[in-house]
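The block underneath contains the structure these notes are about, expressed in structure tokens.
The values are calculated or read from the model by the stated rules, or taken from the named source; none is laboratory data. Note that this is a predicted model, so its numbers are computed, not measured. When we count neighbours, we look across all protein chains shown, and the Cβ atoms used for this are built from the backbone with ideal geometry, even at glycine.
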């Protein structure tokens, strides 16, 4: 029995397969960078490393986020929202894609 699917599970599967995904995230934690229900396009991270300031689709502590990279330390990334909140550190294998316009 596997872990139940969460809001971004299918997008993560597609990103891991090298596909670009588009969706409309909900909530105001990333406003004004990403507004509630605004269409975003996310490209697979591939071999690239996310940079501080990138908006990424990732998991932190088993939760899925479309949030900012706030800091990096080697292949570890501090993830947080655009309101000053922090989700915590995650490693490179849990960062799946980066938002582009």
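Does the range 38-48 contain any residue that is modelled with pLDDT of 95 or more and under 12 Å from residue 8 (Cα atoms)? Even if it seems obvious, please write down each step before you answer.
If we filter the range 38-48 for residues that are modelled with pLDDT of 95 or more, which is where we start, we get 38-44.
In the following step, the residues that additionally are under 12 Å from residue 8 (Cα atoms) were identified as 42.
Yes: one or more hits.
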What do you reckon, is residue 86 surrounded by 12 or more Cβ atoms within 10 Å (Cβ to Cβ), over 9 Å from the mean Cα position of the chain (by Cα), within 25 Å of residue 39 (Cα to Cα) and without any contact (Cβ under 8 Å) to a residue 12 or more places away in the chain?
no
If you go through 52, 56, the only one that is touching a strand residue (DSSP E or B) at 6+ places or on another chain (Cβ under 8 Å) and either assigned to a loop (DSSP other than H, G, I, E, B) or on the phi > 0 side of the Ramachandran plot (or both) is 52
Got a sec? Which of 38, 22 is touching a strand residue (DSSP E or B) at 6+ places or on another chain (Cβ under 7 Å), surrounded by fewer than 16 Cβ atoms within 10 Å (Cβ to Cβ) and at negative phi?
22
Among (1) under 12 Å from the mean Cα position of the chain (by Cα); (2) over 21 Å from residue 89 (Cα atoms); (3) part of a strand (DSSP E or B), residue 22 falls short only on (1)
Just to be sure I understand, how many residues within the range 73-85 are part of a strand (DSSP E or B), touching a strand residue (DSSP E or B) at 6+ places or on another chain (Cβ under 7 Å) and more than 18 Å from residue 26 (Cα to Cα)?
3
Go through the range 63-83 and give me each residue that's over 12 Å from the mean Cα position of the chain (by Cα) and touching a residue at least 24 places away in the same chain (Cβ under 8 Å).
75, 82, 83
Scan of the range 89-101 for residues that are part of a strand (DSSP E or B), surrounded by fewer than 18 Cβ atoms within 10 Å (Cβ to Cβ) and modelled with pLDDT of 95 or more, ordered by number:
89, 91
